[in-house]
């Protein structure tokens, strides 16, 4: 479980293509500092399992399902990535409940800068639209954000200077893919309501 409050902007140092999978090595001294074999680390919102590590890097395997459902397959050597370690029972929940189980991808449609923030419009896959509401929570590339507006096939988020400077969202351009995780509570409510009906 994560909060969507990124701890570190890391960098991909190697990508090993394994035909139906990939192996990523990522530089992130903060998150690697207490990593161990089997540790979980969210990479652009995708919960990955550490298989190798040292004081500044970690390596994780990415299976075909994850490559199909997320934008991790677009990563190349040098790509920046948002990194977060899982919460502990004593942690503050600064964002919202994030599982690290990506529901799908979106594309940046446009960016509108303002004096102190920037509004980003993203595509909204039809399969996820019912879970996205104005002022609700959504995770974009592992970053917990509040939805500003929702249209039939798009939504917007506002990014403050800290988010622009400290996450991949500051450099994403129109056409770039991002990972989406909708609010897990909405999915559980929907399932319970379906069973009652």
Could you calculate the FRET efficiency of residue 171 with residue 196 from 1/(1 + (r/R0)^6), where r is the beta carbon distance between them and R0 is 45 Å, rounded to 0.05? 0.50
Viscosity 1.002 mPa s, temperature 20 °C, Stokes-Einstein D of the stretch 104-196 from Kirkwood C-alpha radius, µm²/s: 158
What order, most packed first, do the peptides 178-187, 55-64 have when packing is the mean number of other Cβ atoms within 10 Å of each residue? 178-187, 55-64
Given the rule -39500 (n - 2.57) for each run of at least 4 DSSP H residues, summed and divided by the residues of the chain, what is its mean residue ellipticity at 222 nm, to the nearest 500 deg cm²/dmol? -4000 deg cm²/dmol
Quick one: order 75, 89, 30 by neighbouring beta-carbon count within 10 Å, fewest to most. 89, 30, 75
Roughly how tilted is helix 184-196, in degrees to the nearest 10 and between 0 and 90, from the longest Cα axis of the chain? 60
For a footprinting-style exposure proxy, rank 167, 66, 88, 112 by other Cβ within 10 Å, fewest first. 88, 112, 66, 167
Pulled fully out, how much extra length does the chain show between residue 109 and residue 68, if you take 0.36 nm times their separation in residues and subtract their Cα-Cα distance? 12.7 nm
Taking 0.36 nm per intervening residue step and subtracting the Cα-Cα distance, what contour gain separates residue 54 from residue 14 on full extension? 13.0 nm
Under a point spin-label approximation (7 Å from Cα along Cα-to-Cβ), what is the residue 134-residue 117 distance to one decimal in nm? 1.5
Most exposed to least, judged by fewest other Cβ atoms within 10 Å, 141, 74 sort to 74, 141
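Taken together, the values in this text are just the output of simple stated rules run on the coordinates, not laboratory data. Not measured: the values here are computed from a predicted model. All Cβ positions, even for glycine, are placed from backbone atoms using ideal geometry, and neighbour counts span all protein chains on display.
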